[in-house]
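The values are calculated or read from the model by the stated rules, or taken from the named source; none is laboratory data. Quick caveat: nothing in here was measured; it's all calculated off a predicted structure. Heads up, the Cβs are rebuilt from the backbone with ideal geometry, glycines too, and the neighbour counts pull from every protein chain shown.
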Amino acid sequence: MVLTDNALTVLKARYLLKDENGNVIETPEEMFKRVSKTIATAENYYGGRPDEWEEKFYEIMESLRFLPNSPALMNAGKKKGQLAACFVLPVNDSMNSIFDTLKNAALILQSGGGTGFSFSKLRPKADIVRSTGGIASGPVSFMKIYNTATDVIKQGGARRGANMGILRVDHPDILEFIKIKRSEGELENFNISVAITDAFIDALNHDMEYDMINPRSSTIVNKIKAKIVFDEIVKSAWETGDPGIIFIDRINRSNPTPHVGTIESTNPCGEQPLLPYEACILGSVNLSKYVKNTIITGNKISFNRMEKNIDFDGLAEDIRTSVRFLDNSIDVNKYPIPAIEEMHKGNRKIGLGIMGWADMLILLGIPYNHRKAFNLARYLMRFIRDAARQASVELAELRGVFPNFRGSVYDAPNMPRVRNATTTTIAPTGTLSIIADTSSGIEPLFALVYKRFILDTELYEVNRYFFEFTKKRGFYSEELKNKVIEKGYLRCIKNVPRDVKKLFKTAHEIPPEDHIKMQACFQESTDNAVSKTINMPFRSKREDVAKAFLLAYEKGCKGITIFRYGTSKKGTLVKVTDAD
């Protein structure tokens, strides 16, 4: 195993075991052995062979072909042993519920998980509180309390608290919610999203009003033009990067266990819709490891047949191992509260996703927003979904279907008998991709050279392929290197061949429509949702944001996050010339 300096920095800061004085007492190899040994113990419950699977789990991680979500790497084998990254907790309309949930969220955040909440059940500001004779302060006021509490919790000592706060678009306090992050310093520990309904989209398309509903009484208290609300969402997203939007009705149409409950929220990055008290353990395969024949040889780029250049057999085998790893994780996980354990073991949701998509495309010689890239995205994700689902079927034959199977969408003729209610999710893989030395999630290259900020650590990142490629093609120079470091991209740099500029196109050079199209291509065959940032250059207009939101709905996405570079929401990725 060869790890980069950045990978070692991240591992030492976040993942490797430390003694009481904060000194690292574990090597990366020992970390993978600790994780693989812990996860393999679940084989004892089903008559499997722990030693055999420990070796397989270690090999797939040590080779950096697969990595589980961060809490699994951090906590496996520890006393607390909390392995899941994604949680959703209910917030019901009572003081007991609000503060019980806050207590449970603190336990989750401390263990390294991220929490999502819908505040849509809370009565609106100025509504009656009959028990006291007073008036309600509204959802946003309680979000501020949650935010303050999160401030003092550092996840597992290695991650800052991360929350998702969601409010339905028909809640009477929706405008206050939409505008809250325009004020500097508000809800800094929250990503926020508006839960958009089909009825709202219909009203927006017909320039009509829609109903505002008091969740306490379920009565209509007001009507408002959909365009007024939509324009405020756009304005806030353009200014700050928040709110994002989730299409809550579409999400619930994909709910595999509607008899168990209704989905109200997602995890902090939006890729994992979950029922109240539900959790999910994620993992990602590194696509850059399955390219057999690459174009990084100095030859002029040509689009070869992708089927010949991707190791689909190896990928399928690793998916089978990864699904077993994630299913085992559910059984060995130490849950922070019993209600979460009951829900997670009832539905057994896992989320296998990918990282290294941009790197795979570069190795294949396919520009990120080329027609062939979109076609490959659809084909590849369908392959991954089918292989993951088949692995879940095989596990069900050995271990039984998930306990809430009866009444689920799978409890029907011609549907597979699966072990897991969901098997696929596409997460952002921020630090995991650093460890694996590959591009994150399904994102394009942010820049060829940039700085990344993780907690208090600044990492300098250089694209691993570009300068190697320039040397083999014969146009490398120190002048070119300095210009690329200064700009971060190739646009307007002379003496770079046109095909190379296309191949190494960066996030802000790709039109928002193509970002969304890529997200939609992957969403077609993803059980859960897709985390994808729609990057926009600073010069983008509000109309661009509005078009992106509507296009995401039209293309079948489950949600969308816009980030206009240089706005008030602090990004973790910064071009070198903007870093100071």
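Asn21 meets each of the listed conditions (1) under 28 Å from Asp331 (Cα atoms); (2) not in a helix (DSSP H, G or I) apart from (1). Of all the numbered requirements in (1) part of a loop (DSSP other than H, G, I, E, B); (2) more than 18 Å from Asn6 (Cβ to Cβ); (3) in contact (Cβ under 8 Å) with a residue 12 or more places away in the chain; (4) not hydroxyl-bearing (Ser, Thr, Tyr), Arg406 misses one, and that requirement is (3).
Restricting to region 13-48, name every residue that is surrounded by 15 or more Cβ atoms within 10 Å (Cβ to Cβ), free of Cβ contacts under 8 Å to residues at least 40 places away in the same chain and under 15 Å from Ile435 (Cα atoms). Within region 13-48, Leu16, Pro28, Phe32 qualify.
Here's the yes/no breakdown for (1) of a type in the set (Phe, Trp, Tyr); (2) modelled with pLDDT of 95 or more; (3) surrounded by 20 or more Cβ atoms within 10 Å (Cβ to Cβ):
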| residue | (1), (2), (3) |
| --- | --- |
| Gly77 | no, yes, no |
| Gly81 | no, yes, no |
| Leu107 | no, no, no |
| Gly112 | no, no, yes |
| Thr115 | no, yes, yes |
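For the residues Ile128, Ile166, Ile98, the requirement of being at pLDDT below 95 and farther than 30 Å from Val24 by Cα singles out Ile128. Screening Asn369 against (1) assigned to a loop (DSSP other than H, G, I, E, B); (2) crowded, with 23+ Cβ neighbours inside 10 Å leaves a single unmet condition, (2).
Listed by first and then second residue, the pairs with beta-carbon distance under 6 Å, at least 6 apart or on different chains, first residue in region 272-284 and over 10 Å from Gly351 (Cβ atoms), second hydroxyl-bearing (Ser, Thr, Tyr) and crowded, with 24+ Cβ neighbours inside 10 Å, are Pro273/Thr266. Residues that are of a type in the set (D, E, K, R) and in contact with a Lys or Arg (Cβ under 9 Å, 6 or more places away or on another chain) were ranked within region 225-237; the one that is surrounded by the most Cβ atoms within 10 Å (Cβ to Cβ) is Glu232.
Touching a residue at least 12 places away in the same chain (Cβ under 8 Å), touching a Leu at 6+ places or on another chain (Cβ under 9 Å), part of a helix (DSSP H, G or I) and not basic (Lys, Arg): is that true of Ala396 in this structure? Here the answer is no, as Ala396 does not meet what is asked. The test for being within 20 Å of the chain's Cα centre (by Cα), more than 30 Å from Val496 (Cβ to Cβ) and modelled with pLDDT of 95 or more holds for Leu274. Only residues that are in contact with a helix residue (DSSP H, G or I) (Cβ under 9 Å, 6 or more places away or on another chain), under 30 Å from Val152 (Cα atoms) and buried (at least 21 other Cβ atoms within 10 Å of the Cβ) were counted in region 188-214, giving 4. Of the residues making up region 19-47, those that are of a type in the set (Asp, Glu) and over 18 Å from Leu73 (Cβ atoms) are Asp19, Glu20, Glu43. Residues in region 532-546 that are basic (Lys, Arg) and within 19 Å of Ile248 (Cα to Cα): Lys532 only. The number of residues in region 138-150 being buried (at least 18 other Cβ atoms within 10 Å of the Cβ), of a type in the set (Ser, Thr, Tyr) and closer than 18 Å to Arg168 by Cβ comes to 1.
Residue check: is Thr572 modelled with pLDDT under 95 and over 20 Å from Val449 (Cβ atoms)? No; evaluated as a whole, the condition is false for this residue. Among the residues making up region 521-552, those that are surrounded by 21 or more Cβ atoms within 10 Å (Cβ to Cβ) and either assigned to a helix (DSSP H, G or I) or free of Cβ contacts under 8 Å to residues at least 12 places away in the same chain (or both) are Cys521, Phe522, Gln523, Val545, Ala548, Phe549, Ala552. Restricting attention to region 226-250, the residues that are β-branched (Val, Ile, Thr) and over 13 Å from Val194 (Cα atoms) total 2. The helices (runs of 4 or more DSSP H) found entirely in region 426-505 that carry 1 or more residues being in contact with a Phe, Trp or Tyr (Cβ under 6 Å, 6 or more places away or on another chain) and either in contact (Cβ under 8 Å) with a residue 40 or more places away in the chain or not small (Gly, Ala, Ser) (or both) are 466-473. Within region 317-330, is even one residue in contact with a His (Cβ under 9 Å, 6 or more places away or on another chain), at pLDDT 95 or above, farther than 30 Å from Phe475 by Cβ and assigned by TED's automatic domain parsing to the domain that holds Ala42? Yes, region 317-330 contains a residue that is in contact with a His (Cβ under 9 Å, 6 or more places away or on another chain), at pLDDT 95 or above, farther than 30 Å from Phe475 by Cβ and assigned by TED's automatic domain parsing to the domain that holds Ala42.
Selection of region 333-366 for residues being of a type in the set (Phe, Trp, Tyr) and buried (at least 24 other Cβ atoms within 10 Å of the Cβ) yields only Trp357.
Let's see how each residue does on (1) among the hydrophobic types (A, V, I, L, M, F, W, C); (2) at positive phi; (3) crowded, with 21+ Cβ neighbours inside 10 Å:
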| site | (1), (2), (3) |
| --- | --- |
| Phe177 | yes, no, yes |
| Gly185 | no, yes, no |
| Lys223 | no, no, no |
| Pro243 | no, no, yes |
| His259 | no, no, no |
